[in-house]
Amino acid sequence: MGNTIRSVAPRVNIIASAETWIEDKAIQQLITTAQLPGMVSVSGMPDLHPGRGYPIGAAFFSQRRFYPALVGNDIGCGMALWRTDLTAGKISLDKLEKRLGNIDEPPDEINELPSEFAELPYSPGTIGGGNHFAELQQLDEIYQPARLGALLPDTRQLLLLVHSGSRGLGQAILEQHVRAFGHRGLEQDTPEAAGYLSQHQLALRFAAYNRQCIAQRMLRRWHSDGEALLDVNHNLVAPAVIDGVSGWLHRKGATPADCGLVVIPGSRGDYSYLVRPLPHAVSLFSLAHGAGRKWMRAECKGRLDQRYSMQQLARTAFGSRVICQDKQLMFQEAPQAYKPIDTVISSMEQAGLIEPIARLKPVLTYKTRGNAQ
DNA sequence: ATGTCC
């Protein structure tokens, strides 16, 4: 277990095997964040990478105050996994792509919008940009048949993984907070803290509902039924007691290890893993939320556009299909721009933080139909 | 990341 946990400074751990590449800038950001007033300890996940000031793929545990800026704009971002009635091989990729069409605009046919969202100037049901996606996946390898069987009795059924968040709502909440309080955080048990937390909770519920609407509208277009198997947030702050200390656990691109089974996806050209978390304080009860970027967004097009056409990038090494008619995004989210998922998974497995249940393989990845310039 | 920014 020891050689996959790097202690890079006092109260700063990183879960990563020796072969896991992590940028110096991300480690610096992690150490800097650990110096914030009230910070007790921080933990970098194997997908740690630099963000705007604060790193992504990390958990932060503080006492007495918490930091909305650490959660970021996409409050409630997470992964929802659905079982579908579609089965591998029974339906062609052409048909799936054609039936799916364009889901970039919010659906106008939402049956019962929960009343708490009725007055919001944001509509649920869209994926958004960046690393968000919805992906149809197929079971590839099973490591724990009994645990998988409890979730997915028919292993031929395709799965739908939705990665999205609270969209404009979380953005507006963070903007409003930063305008009023900057990056100094909020003292607990104050009206300001209660005000933020109440908006934050609304964003968590909206993000989960957004993922549900996305999955349901995709299933509807495919004339399929389905069922939500799990929905787990990786951008949030919540009260926690760790090693007897009461405080605030921030997760920024860090999957909770204490909320049941989770999916940790690789890039669109790589596997995703369904895993059983083994909660541990050294990782602040958290796990990686994906493979983690290898290249900065800005450098991806320059590195790839001489070698690959849009058409080539729309197919992966697995033969899966990618719907992404935004050229910048197509390059930014290319498999080459991400670390391989197997080192991320094996780092956590060697550290005793997860037990893999099954490996999933992409079939069809939806990003966007827009912005083809 | 953002019904994004021109």
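Rolling a 1.4 Å sphere over the protein heavy atoms, what is the accessible area per residue of segment A:274-328, to the nearest Å²?
Accessible surface, normalised per residue, equals 48 Å².
Give me, ordered by chain and number, the residues 5 or more places off A:I103 or on other chains with an amide H under 5 Å from its own placed amide H.
Long-range HN contacts for A:I103: A:R369.
Set Lys and Arg Cβ to +1 and Asp and Glu Cβ to -1, take the dipole of chain A about its Cα centre, and tell me which of A:G89, A:A351, A:A194 lies farthest positive.
My answer, from the dipole projection, is A:G89.
So, by mean Cβ neighbours within 10 angstrom, what's the order for A:81-89, A:269-277, A:157-165, A:328-336 with the highest one leading?
A:157-165, A:269-277, A:328-336, A:81-89
Of the listed peptides A:344-354, A:299-309, A:137-147, what is their order by residue-averaged count of other C-beta atoms within 10 Å, with the highest listed first?
Highest-to-lowest ranking by the protection proxy: A:344-354, A:137-147, A:299-309.
Which whole-number percent is the relative contact order of chain A (Cα, under 8 Å, 6+ apart)?
Relative contact order of chain A: 25 percent.
Once you order the gyration tensor axes a ≥ b ≥ c over the Cα atoms, which shape class does segment A:284-323 get: rounded for a/c under 1.5, otherwise prolate or oblate by comparing a/b with b/c?
Oblate is the answer for segment A:284-323, as a/c is 1.5 or above yet b/c matches or exceeds a/b.
Using each residue's phi in segment A:271-276, evaluate 6.51 cos²θ - 1.76 cosθ + 1.60 at θ = phi - 60° and report the 3J(HN,Hα) Karplus result to the nearest Hz, with x for Gly and Pro.
Whole-Hz 3J(HN,Hα) from phi for segment A:271-276: 6, 10, 10, 8, 10, 9.
Under 18 Å from the Cα of A:K294, which aspartates and glutamates turn up, not counting those fewer than eight places away in the same chain?
Once the sequence-local aspartates and glutamates are set aside, what remains near A:K294 is A:E19, A:E23, A:D24, A:D47, A:D270, A:D305, A:E333, A:D342.
In degrees from 0 to 90, rounded to the nearest 10, what is the angle of the helix A:167-181 Cα long axis to the longest principal axis of chain A?
Helix A:167-181 sits roughly 20 degrees off the main axis of chain A.
Give, in whole angstrom and from largest to smallest, the semi-axes √(5λ) of the equivalent ellipsoid of segment A:191-310, with λ running over the eigenvalues of the Cα gyration tensor.
In descending order the semi-axes read 30, 22, 17 Å.
What number in nm² do you get for segment A:283-366 if you take the convex hull of its Cα atoms and divide its surface by four?
6.5 nm²
Report the relative contact order of segment A:163-241, percent, no decimals, based on alpha-carbon pairs under 8 angstrom and at least 6 residues apart.
38 percent
Do the sum for chain A: with -39,500 (n - 2.57) for every DSSP H run of n ≥ 4, divided by all residues, what is the mean residue ellipticity at 222 nm, to the nearest 500 deg cm²/dmol?
One gets -8500 deg cm²/dmol as the mean residue ellipticity at 222 nm.
Which cross-chain or sequence-distant (5 or more) residues have an amide H under 5 Å from the amide H of A:Q138, H modelled 1.01 Å from N in plane?
A:L159, A:K361, A:V363
Which value, in Å², gives the accessible area per residue of segment A:77-192 when a 1.4 Å probe is used on the protein heavy atoms?
On a per-residue basis, segment A:77-192 sits at 51 Å².
Calculate the translational D of segment A:93-233 in whole µm² s⁻¹ from Stokes-Einstein, where the hydrodynamic radius comes from the Kirkwood formula applied to all Cα pairs, the temperature is 37 °C and the viscosity 0.692 mPa s.
Translational D for this selection: 188 µm²/s.
Identify which of A:S62, A:S246, A:S17 has the largest mean-square fluctuation in a Gaussian network model of chain A, with springs joining Cα atoms closer than 10 Å.
A:S246
Classify segment A:45-129 from the C-alpha gyration tensor, please: rounded if a/c falls under 1.5, else prolate or oblate depending on whether a/b exceeds b/c.
Here segment A:45-129 falls in the oblate category.
Roughly how far apart, in whole Å, are the Cα centres of segment A:100-162 and segment A:169-191?
Between the Cα centre of segment A:100-162 and that of segment A:169-191, the gap is 30 Å.
Can you work out the Karplus-derived ³J(HN,Hα) for every residue in segment A:12-21? Use 6.51 cos²θ - 1.76 cosθ + 1.60 with θ = phi - 60°, whole Hz, and x for glycine or proline.
10, 10, 10, 8, 6, 5, 4, 8, 7, 6
If you count, for each residue, the other Cβ atoms within 10 Å and average over each peptide, how do A:173-182, A:104-113 line up from highest to lowest?
A:173-182, A:104-113
If the reach is capped at under 18 angstrom between alpha carbons, list the lysines near A:K327, excluding any in the same chain fewer than eight residues apart.
A:K301, A:K367
Over segment A:187-252, with a single point scatterer placed on each C-alpha, what log10 of the ratio I(q)/I(0) does the Debye formula yield at q = 0.15, 0.27, 0.29 1/Å?
-0.65, -1.19, -1.25
For segment A:140-218, taking Cα atoms only, what is the radius of gyration to one decimal and the Dmax to the nearest whole Å?
Here Rg and the maximum Cα pair distance are 19.0, 52 Å.
For chain A, which whole percent of the accessible surface, found with a 1.4 angstrom probe, sits on carbon and sulfur atoms?
Of all accessible area on chain A, carbon and sulfur atoms account for 49 percent.
With just the Cα atoms of segment A:65-115, tell me how far they stretch along each of the three principal axes, in Å, largest first.
For segment A:65-115, the Cα extents along the three principal axes come out at 53, 26, 19 Å.
Give, to the nearest whole percent, the P(r) tail of chain A beyond 26 angstrom, counting all Cα pairs.
For chain A, the share of Cα pairs beyond 26 Å comes to 50 percent.
In whole Å, what three semi-axes, largest first, describe the equivalent ellipsoid of segment A:27-90 built from its Cα gyration tensor (square root of 5 times each eigenvalue)?
Output for segment A:27-90: semi-axes of 33, 14, 10 Å.
The values are calculated or read from the model by the stated rules, or taken from the named source; none is laboratory data. Being a predicted model, the structure only gives us computed values, none of them experimental. For neighbour counting, all protein chains shown are included, and Cβ atoms are generated from backbone atoms with ideal geometry for every residue, glycine included. Ligands, DNA and RNA are excluded from the accessible area calculation, which covers all protein heavy atoms including side chains. Shrake-Rupley method; radii C 1.70, N 1.55, O 1.52, S 1.80 Å.
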